[in-house]
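Before any comments, here is the structure.
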Amino acid sequence: MKRSEINAILKDAEQFVHACGFNLPPFASWKPEAWKQVGPDAAEIAHHKLGWDVTDFNLGHYDSDGLTLFTLRNGTPENWKTGKGKLYAEKILLVGVDQVTPMHFHWNKMEDIINRSGGKLVIELYNSSPEEELDDQTPVTVVCDGVVRRLPPGGQVVLSPGESITLPQFCYHRFWAAESRVLAGEVSMVNDDDADNRFLKPLPRFPSVVEDEPPYYLLVTDYPQYYRF
Ligand SMILES: [Fe+2]
């Protein structure tokens, strides 16, 4: 993705989040120059990969295959291995109408996806086969706000604002918004985007960035370049 495209997406994202009445932590609006000033006391932000994340999965068409996220809190793979420290994560996801996050599951992370505000959030579901492909034979059982839902393979759950779904490990899911853009929340176990995403069609989780202008805000993948502690 071009940095100019990412910058425009971020400016639009912060307006949308504000319009939804959701408030982000201070580091959401730190400019690249601010990152050069902050010292080691803020190392958790970079080390736990908190902050902005804009991706088109390197497919080149963000509007149809893409997602903007902001990670508010997260643990680390080390936390997860030892069972100590921060074992949870929280994100927001900005999902456009018909903007698909591709089919994937997580080996380790169990996650709740919550429609916080906006239109409808559509989630398509399959079980994983033992070979980690789509199982198009077995029904999918999930829990939505404490109530069991049974769906055929490839069935869809449509979440209105306030509704949520719990996605267990190995449950294939892809999602998009309908009717209007959605501000979704994610509450989960530790998020590890480097090692815990099984995309049905192998895809990079993060795009390669063409630097055609300076960053407006840093992405989580920019920290090694701008913040070294
Ligand atoms: Fe997921």
Could you give the C-alpha radius of gyration of region 3-224 expressed as a fraction of 2.2 N^0.38 Å, taking N as the number of residues it contains? 1.01
Quick check: net charge around Phe16, other residues with Cβ under 12 Å of its Cβ, Lys/Arg +1 and Asp/Glu -1? +1
Please name which of Val147, Ser129, Phe199 has its Cα lying farthest along the dipole of the chain towards the positive end, using unit charges on Cβ (Lys, Arg +1; Asp, Glu -1) and the Cα centre as origin. Val147
Only Lys, Arg (+1) and Asp, Glu (-1) charged, at Cβ; region 3-224 dipole about Cα centre in debye: 560
Trypsin sites (Lys or Arg not before Pro) in region 53-101 lying in a DSSP loop, each with at most 14 other Cβ atoms within 10 Å of its Cβ, come to Lys84, Lys86
What relative contact order, as a whole-number percentage, does region 10-102 give when Cα pairs under 8 Å and 6 or more residues apart are counted? 23
Suppose R0 equals 35 Å. What FRET efficiency, 1/(1 + (r/R0)^6) with r the Cβ-Cβ distance, do Ser29 and Leu151 give to the nearest 0.05? 0.30
Could you work out how far apart the two model spin labels at Cys144 and Val97 are, taking each label as a point 7 Å from the Cα in the direction of the beta carbon, and quote it in nm? 2.1
Mean separation of Cα pairs under 8 Å and 6+ residues apart, divided by the residue count of the chain: what relative contact order is that in percent? 30
So if R0 is 25 Å, what FRET efficiency would Leu200 and Arg73 give, r being the distance between their Cβ atoms, rounded to the nearest 0.05? 0.35
On a full-extension model of 0.36 nm per residue, what is the gain between Lys84 and Ser180, subtracting their alpha-carbon distance, rounded to one decimal in nm? 30.6 nm
State, to one decimal in nm, how far the label point of Asp63 lies from the label point of Gln15, with both points 7 Å from Cα in the Cβ direction. 1.6
When the charge dipole of the chain is computed with +1 on Lys and Arg Cβ and -1 on Asp and Glu Cβ about the Cα centre, the Cα farthest towards its positive end, among Thr82, Met189, Val95, belongs to Thr82
Along Cα→Cβ, 7 Å out, is where each label goes; now give me the distance between the ones at Phe22 and Ala43 in nm to one decimal. 3.0
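Values quoted throughout were computed directly from the atomic coordinates according to the rules given, and no laboratory measurement underlies them. Small disclaimer: the values here were computed from a predicted structure and weren't measured. Positions of Cβ are backbone-derived with ideal geometry, glycine not excepted, and every protein chain shown enters the neighbour counts.
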